1. Report, ordered by the first and then the second residue, all pairs with beta carbons closer than 7 Å, sequence separation of six or more or different chains, a first member in the stretch 75-91 that is at positive phi, and a second member that is of a type in the set (D, E, K, R) and surrounded by 11 or more Cβ atoms within 10 Å (Cβ to Cβ).
2. How about the stretch 20-51: which of its residues are among the hydroxyl-bearing types (S, T, Y) and closer than 13 Å to K87 by Cβ?
3. Report yes if some residue within the stretch 38-46 is within 27 Å of D95 (Cα to Cα) and either under 11 Å from the mean Cα position of the chain (by Cα) or of a type in the set (V, I, T) (or both); otherwise report no.
4. Can you name the condition, by its number, that T22 falls short on among (1) without any contact (Cβ under 8 Å) to a residue 60 or more places away in the chain; (2) within 17 Å of P66 (Cα to Cα)?
5. Name the strands (runs of 3 or more DSSP E) wholly inside the chain in which the number of residues that are surrounded by 19 or more Cβ atoms within 10 Å (Cβ to Cβ) and polar (S, T, N, Q) is 2 or more.
Amino acid sequence: MLDCVLQRPFLTRLDDRTILLTGRDYERKAVVAYLSRDNGESFAHRTRLDTFQQDGGYTTAVATGPNRCLIAWYSDSGTTPLKPDIKLGTLTLAD
């Protein structure tokens with residue numbers, strides 16, 4: 001369903017039917033998010049949040065309002081490999 005091995009998956013419930021799944025796709029060196037609108041029965045809508053060179057991923061997220069969440073992760077994109085920075089992003093879901 002995900003087309004990757006998602007390392008350190010992290011689930012965040014956004015409402016009674018919507019779940020956000022985030023983590024790292026190590027093979028593609030990407031920090032990714034997937035969305036379920038059917039209470040976790042299926043996940044789709046892959047979104048690449050960031051990339052990394054040698055170290056990155058490990059997400060956490062919190063719902064901040066209707067259809068919105070704040071996501072934090074670390075990544076060494078744009079820095080020296082193996083010296084990651086903490087990144088933040090806001091995800092807004094469109095209906």
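Bear in mind these aren't lab numbers, they're just calculated from the coordinates by the rules spelled out. Note that the structure is a prediction, hence the values are computed from the model and not measured. Please note: Cβ atoms are built from the backbone with ideal geometry, for glycine as well, and neighbour counts cover all protein chains shown.
1. Listed by first residue and then by second, the contacts come to L82/D55; L82/D76.
2. Step one: of the stretch 20-51, the residues among the hydroxyl-bearing types (S, T, Y) are 22, 26, 34, 36, 42, 47, 51.
Within the stretch 20-51, T22, T51 qualify.
3. As a first pass, look at the stretch 38-46 and keep what is within 27 Å of D95 (Cα to Cα): 38-46.
Those left that are additionally either under 11 Å from the mean Cα position of the chain (by Cα) or of a type in the set (V, I, T) (or both): 46.
For the stretch 38-46, residues within 27 Å of D95 (Cα to Cα) and either under 11 Å from the mean Cα position of the chain (by Cα) or of a type in the set (V, I, T) (or both): present.
4. Single failed check for T22: (2).
5. Values: elements: 6-13, 19-25, 30-36, 44-51, 56-65, 68-75, 85-92.
Fully inside the chain and qualifying: nothing.
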